[in-house]
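J.: For reference, the structure I am asking about is given below.
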Amino acid sequence: MKVAVIGSGPAGIYASLELAKNNKVILVEKEERLGGTCVLYGCIPSKAMLHPIHLASELEKLGKSIVFDLGELRKLGQEASFRLSKGVKYMLEDNGVEVIYGVASLRSGQLNVNNETLQADYIVLATGTYREVVKGIIYSEDLPYLDKDFQSVVIVGGDVGGVEFGWMLRKLGKEVVLIDKQSSLLPYLDKEVSNAITNYFSKIGVKLYLNRSVKEMKEREVVLDNGERLTADVVYMTFGRKPSIQGFEEVNHNPFVTVDEYLRTSISNVFAAGDIIGTHTAHEAMYAGKVAAINVMGGKKVFNKQGIPKVVYTHPTIAYVGNMEGKCAKINLAKIGRAITEKETDGFLKICVKDDKIVGAQAFMKDAEEVISLISFLIRYNIKVSEIKDYVAPHPSYIEAITELLSRL
């Protein structure tokens, strides 16, 4: 069987690797480098840039200081991106995946690449999202590559990208203004968590303009809906990515590609995975790519969204999973031994339980990623709270926040 995978982001990579175990796989990529938005512009270069600031923040708690400049961080981001992109290329080659660079489209059931017909029994659409670029506007994904330093910045968008970069740039000593139309940062989180994050950003000196819409954006100026003008050395926009359906409009979409529980689209031999179906995280896209591949090969694996964690890489870190409903309880890090030893007592963990199961949790704390990941596992595999209470966590550790909290429920 011959399968064409369109797009080399996380979904496309993992679909290709799974399919290549027993099939002929051709991966089509329109960019010059492999890896998709995550590797080239998003999660990989941004986390490489954020990591030193995490270290500096931890040392700050211990009374020490270390200073990084934006140029150093950009270099780290670019190095990580190029290394991972090359790694993707070698990994695909080692697994027998043929890579074709070009633009793909589907017309009347025929797959075309670079204006030539490509024969394939099945197609996995993993084209991700794209940005409509407006001249003079700088976007968050430009930050690792734009060779321009600045002292003041206006960030338009309090989404994950805006929060991460806003935190990083403020920790670098920049004057940061963050604008969002919502009344708090990350308002889809539990109100207590969202408010805590919002207050923290104000505390570290980020000037927030919330409940405000942007009327006009320029290279160094933003005009708000009330006519107020905000100026800075540079203006960044963090939101506005759209699903990349160009060339595949025959597949049902609104605006993301519509799929069933097996990730099959409206066209029987076309599956879709990743941000094109609205997953929005790389790890969810990887999982979706594997699920789509398994089902292309005749499987009946359901795309299970339960218990998939989300992480925002500030310090303290923000992480969350599931739904905040049922009986909820909170524990402050000031009551956790490990947090006290490391002077990381800012923040808290909140867990919600229903019918003897954890249904949701949100954390704004040191090591939130690891703590929420463990809770995600408990949620995904339907482990009862009564069983979890017999779990012995290492001491001292941040994981103890889970066992301490559940002992009170």
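The values are calculated or read from the model by the stated rules, or taken from the named source; none is laboratory data. Everything numeric here is computed off the predicted structure, so don't read it as measured data. Glycine gets a Cβ as well: all are built from the backbone with ideal geometry, and neighbour counts include every protein chain shown. We work out accessible area using only protein heavy atoms, side chains counted, and drop any ligands, DNA or RNA first. Shrake-Rupley method; radii C 1.70, N 1.55, O 1.52, S 1.80 Å.
J.: Quickly run through region 130-180 and pick out the residues that are open to solvent by 10 Å² or more (accessible area, probe 1.4 Å), of a type in the set (Val, Ile, Thr) and farther than 28 Å from Ile277 by Cα.
T.: Val177
J.: Could you list, in sequence order, all residues of region 1-42 that are surrounded by fewer than 21 Cβ atoms within 10 Å (Cβ to Cβ) and touching a helix residue (DSSP H, G or I) at 6+ places or on another chain (Cβ under 6 Å)?
T.: The one that is surrounded by fewer than 21 Cβ atoms within 10 Å (Cβ to Cβ) and touching a helix residue (DSSP H, G or I) at 6+ places or on another chain (Cβ under 6 Å): Arg33.
J.: Looking at Ile276, is it open to solvent by less than 20 Å² (accessible area, probe 1.4 Å), closer than 24 Å to Ala120 by Cβ and not basic (Lys, Arg)?
T.: The answer is yes for Ile276.
J.: Which of the residues spanning region 388-408 are of a type in the set (A, V, I, L, M, F, W, C), part of a loop (DSSP other than H, G, I, E, B) and either farther than 26 Å from Ala196 by Cα or in the same structural domain as His54 (by the TED database) (or both)? Give the derivation first.
T.: In the first step, residues of region 388-408 are kept if they are of a type in the set (A, V, I, L, M, F, W, C); the result is 388, 392-393, 399, 401-402, 405-406.
Still in the list and also part of a loop (DSSP other than H, G, I, E, B): 392-393, 399.
Within region 388-408, Val392, Ala393 meet the criteria.
J.: Test Ala334 against the criterion of being among the small types (Gly, Ala, Ser), open to solvent by 30 Å² or more (accessible area, probe 1.4 Å) and farther than 17 Å from Lys191 by Cα, and give yes or no.
T.: yes
J.: Now, a different point. Kindly provide the set of residues from region 226-256 that are exposed (fewer than 14 other Cβ atoms within 10 Å of the Cβ) and within 15 Å of Thr129 (Cα to Cα), ordered by number.
T.: Lys242, Gln246, Glu249, Asn254, Pro255, listed by residue number.
J.: Here are some residues: Val223, Val296. Which one is in contact with a strand residue (DSSP E or B) (Cβ under 6 Å, 6 or more places away or on another chain) and either under 22 Å from Arg131 (Cβ atoms) or charged (D, E, K, R) (or both)?
T.: On the way: Val296 fails: either under 22 Å from Arg131 (Cβ atoms) or charged (D, E, K, R) (or both).
From the options Val223, Val296, the qualifying one is Val223.
J.: Please go through region 185-200 and pick out each residue that is surrounded by 19 or more Cβ atoms within 10 Å (Cβ to Cβ) and touching a Lys or Arg at 6+ places or on another chain (Cβ under 8 Å).
T.: Asp190, Val193
J.: Sticking with this one: From the residues in region 257-270 that are more than 15 Å from Pro243 (Cβ to Cβ) and of a type outside the set (Val, Ile, Thr), which one is surrounded by the most Cβ atoms within 10 Å (Cβ to Cβ)?
T.: Arg264
J.: Also: Only residues in region 357-375 that are among the charged types (D, E, K, R) count as the first member; pair them with residues that are open to solvent by less than 20 Å² (accessible area, probe 1.4 Å) and in a strand (DSSP E or B), Cβ under 8 angstrom, at least 6 apart or cross-chain, and list the lot.
T.: Lys366/Thr317; Asp367/Thr317; Glu369/Thr317; Glu369/Ala319
J.: Just one of the numbered conditions (1) within 17 Å of Ser376 (Cβ to Cβ); (2) open to solvent by 60 Å² or more (accessible area, probe 1.4 Å); (3) not aliphatic (A, V, I, L, M) is not true of Gly307; which one?
T.: So Gly307 meets the others, but not (2).
J.: While we're on this one: Hey, can you tell me all the residues within region 279-304 that are crowded, with 18+ Cβ neighbours inside 10 Å and outside any helix (DSSP H, G or I)?
T.: Thr279, Thr281, Phe303
J.: While we're on this one: Quick check: is even one residue across region 70-85 open to solvent by less than 40 Å² (accessible area, probe 1.4 Å), charged (D, E, K, R) and not assigned by the TED database to the domain that holds His280?
T.: Here is the first cut: in region 70-85, the ones open to solvent by less than 40 Å² (accessible area, probe 1.4 Å) are 70, 73-74, 77, 80-81, 85.
With charged (D, E, K, R) added as a condition, the list becomes 74.
After this cut, where a residue has to be not assigned by the TED database to the domain that holds His280 as well, the list is none.
Within region 70-85, not a single residue is open to solvent by less than 40 Å² (accessible area, probe 1.4 Å), charged (D, E, K, R) and not assigned by the TED database to the domain that holds His280.
J.: Just wondering, is there one or more residues in region 330-345 that are among the β-branched types (Val, Ile, Thr), under 24 Å from Leu55 (Cβ atoms) and in contact with a helix residue (DSSP H, G or I) (Cβ under 6 Å, 6 or more places away or on another chain)? Can you show your working first?
T.: Our first condition is that a residue be among the β-branched types (Val, Ile, Thr); within region 330-345, this holds for 331, 336, 340-341, 345.
Next, from what is left, pick out any that are under 24 Å from Leu55 (Cβ atoms): 336, 340-341, 345.
Next cut, in contact with a helix residue (DSSP H, G or I) (Cβ under 6 Å, 6 or more places away or on another chain) only: 336, 345.
So far as region 330-345 goes, yes, one or more of its residues are among the β-branched types (Val, Ile, Thr), under 24 Å from Leu55 (Cβ atoms) and in contact with a helix residue (DSSP H, G or I) (Cβ under 6 Å, 6 or more places away or on another chain).
J.: Separate question: For region 361-403, give me the residue count where each residue is surrounded by 14 or more Cβ atoms within 10 Å (Cβ to Cβ) and either farther than 23 Å from Lys327 by Cβ or among the aromatic types (Phe, Trp, Tyr) (or both).
T.: Going through region 361-403 one residue at a time, the tally reaches 8.
J.: Go through region 55-93 and give me each residue that's small (Gly, Ala, Ser), part of a helix (DSSP H, G or I) and without any contact (Cβ under 8 Å) to a residue 24 or more places away in the chain.
T.: Answer for region 55-93, where residues must be small (Gly, Ala, Ser), part of a helix (DSSP H, G or I) and without any contact (Cβ under 8 Å) to a residue 24 or more places away in the chain: just Gly87.
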